[in-house]
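Values in this text are rule-based calculations from the coordinates and carry no lab data. All of these numbers come straight from a predicted model, not from anything done at the bench. Here the Cβ positions follow ideal geometry from the backbone for every residue, glycine too, while neighbour counts run over all protein chains shown.
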Amino acid sequence: MEEKPVNLATERLVRQAPADRPLMLDQGDVDYILACLAAIRASFGVEAVPDQPLTKIPGRDLMRRLVDFRANLRPQTDERRDAWAHLASAIMRLEVASAFAAEWGRRKD
């Protein structure tokens, strides 16, 4: 079985997110990400919405979930393309929260 090559850009996104704690997300970010995941569930028929609050999931796990959906789902209808495209914005929100968390951690040291 042939392995997929590692996408270094998405691995960077995953690894910059904190592995040991959730990201500090405001309610608007949480609502947006949940809406994106609900759209993935509705259009692709896969369970995308986690069974625990986003504010309880370690940042790295949440980022991995989103980048894996983006990398592995193949949209072939307009509805699926829209849901899939919105994942990029959700990932960007997590990327900003990860950068903020890293900067906050450096300032506390």
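Kindly establish whether Ala35 is touching an Asp or Glu at 6+ places or on another chain (Cβ under 9 Å), of a type outside the set (Asp, Glu), more than 24 Å from Asn7 (Cβ to Cβ) and exposed (fewer than 15 other Cβ atoms within 10 Å of the Cβ).
So Ala35 does not fit the description; no.
Here is a yes/no grid of residues against (1) surrounded by 12 or more Cβ atoms within 10 Å (Cβ to Cβ); (2) part of a helix (DSSP H, G or I); (3) out of contact with any helix residue (DSSP H, G or I) (no Cβ under 8 Å at 6 or more places or on another chain):
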position: Pro5; (1), (2), (3): no, no, yes
position: Pro18; (1), (2), (3): yes, no, no
position: Thr55; (1), (2), (3): yes, yes, no
position: Met63; (1), (2), (3): yes, yes, no
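Cβ-Cβ under 7 Å, sequence separation 6+ or interchain: first residue in the range 48-73 and farther than 11 Å from Leu13 by Cα, partner among the small types (Gly, Ala, Ser) and surrounded by fewer than 20 Cβ atoms within 10 Å (Cβ to Cβ). Which pairs?
Short answer, once both residue conditions are applied: Val49/Ala38; Pro58/Ala19; Arg70/Ala88.
When you scan the range 28-53, how many residues do you find that are among the polar types (S, T, N, Q) and assigned to a helix (DSSP H, G or I)? Give the steps one after another, and end with the answer.
Restricting attention to the range 28-53, the residues satisfying the condition of being among the polar types (S, T, N, Q) are 43, 52.
From what is left, the residues that are assigned to a helix (DSSP H, G or I) are 43.
Residues in the range 28-53 being among the polar types (S, T, N, Q) and assigned to a helix (DSSP H, G or I): 1 in total.
Determine which single condition Ala48 fails, assuming it passes every other condition in (1) out of contact with any Lys or Arg (no Cβ under 7 Å at 6 or more places or on another chain); (2) closer than 17 Å to Ala85 by Cβ.
All conditions are met except number (1).
For the range 11-34, name all the residues that are touching a residue at least 12 places away in the same chain (Cβ under 8 Å) and either out of contact with any Lys or Arg (no Cβ under 8 Å at 6 or more places or on another chain) or at positive phi (or both).
Leu13, Gln16, Asp20, Arg21, Leu23, Met24, Val30, Leu34, listed by residue number.
Which ones in the range 1-57 are farther than 25 Å from Glu103 by Cβ and among the aliphatic types (A, V, I, L, M)?
Residues satisfying the conditions are Met1, Val6, Leu34, Ala35, Leu37, Ala38, Ala39, Ile40, Ala42, Val46, Ala48, Val49.
Out of all the residues in the range 49-63, is one or more among the aliphatic types (A, V, I, L, M) and more than 15 Å from the chain's Cα centre (by Cα)?
No, the range 49-63 contains no residue that is among the aliphatic types (A, V, I, L, M) and more than 15 Å from the chain's Cα centre (by Cα).
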